[in-house]
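Everything on this sheet refers to the single structure shown next.
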Amino acid sequence: MKTKIIDGVEVHIGSGNIFADLELADADKLKIKTGLVIEIRKALRNLDLTQQDAAKRMGITQPKVSDMMRGDLSNLSERKLMDCLTRLGFDIEISVRPAKTLIGHLMLSTH
């Protein structure tokens, strides 16, 4: 993490992935899952769905929707979250390209 002095205060510049900055395992996956859930939450709000209606539409149980809304992503894979988004009317595009570094990374881009 880069450090900068601004007005005499040491400031740490984030990498753009808070999970990596916190040195959490699977930081890229956590960032992807969180990004997908943010999009799901936006869609549910825009569609004005109850948790029960959202569960039916996404093909998961209402308790899993509740977990998702509370930020518990442990029982939902990236693949399942993508499936939820497609069931809510979103297209998902996966792009693969050579990495600029020795080891590549995962990222989520929303429009």
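Quick look at the numbers
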item: Matching residues in the stretch 2-58 - criterion: being at positive phi and over 20 Å from the mean Cα position of the chain (by Cα); result: D7, G8, D48
item: Test: residue in the stretch 90-102 that is surrounded by 10 or more Cβ atoms within 10 Å (Cβ to Cβ), closer than 16 Å to D28 by Cα and not aliphatic (A, V, I, L, M); result: no
item: Residue in the stretch 55-81 that is modelled with the lowest pLDDT, counting only those that are surrounded by 17 or more Cβ atoms within 10 Å (Cβ to Cβ) and aliphatic (A, V, I, L, M); result: L73
item: Elements of type helices (runs of 4 or more DSSP H) in the stretch 1-109, at least 2 residues being touching a Gly at 6+ places or on another chain (Cβ under 9 Å) and of a type outside the set (G, A, S); result: 27-47, 78-87
item: Residue selected from the stretch 43-54 under the condition surrounded by 13 or more Cβ atoms within 10 Å (Cβ to Cβ) and in contact with a helix residue (DSSP H, G or I) (Cβ under 8 Å, 6 or more places away or on another chain), by the criterion nearest to L108 (Cα to Cα); result: A43
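Results for (1) out of contact with any helix residue (DSSP H, G or I) (no Cβ under 8 Å at 6 or more places or on another chain); (2) modelled with pLDDT under 85; (3) of a type in the set (F, W, Y); (4) exposed (fewer than 12 other Cβ atoms within 10 Å of the Cβ), shown as yes or no for each residue.
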position: T3; (1), (2), (3), (4): yes, yes, no, yes
position: V9; (1), (2), (3), (4): yes, no, no, yes
position: I13; (1), (2), (3), (4): yes, yes, no, yes
position: G16; (1), (2), (3), (4): yes, yes, no, yes
position: F19; (1), (2), (3), (4): no, yes, yes, no
position: L22; (1), (2), (3), (4): yes, yes, no, yes
position: D28; (1), (2), (3), (4): no, yes, no, no
position: K33; (1), (2), (3), (4): no, no, no, no
position: R41; (1), (2), (3), (4): no, no, no, no
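The values are calculated or read from the model by the stated rules, or taken from the named source; none is laboratory data. Remember, predicted model here, so these are calculated numbers, not experimental data. Cβ: placed from backbone, ideal geometry, glycine included. Neighbour counts: every protein chain shown.
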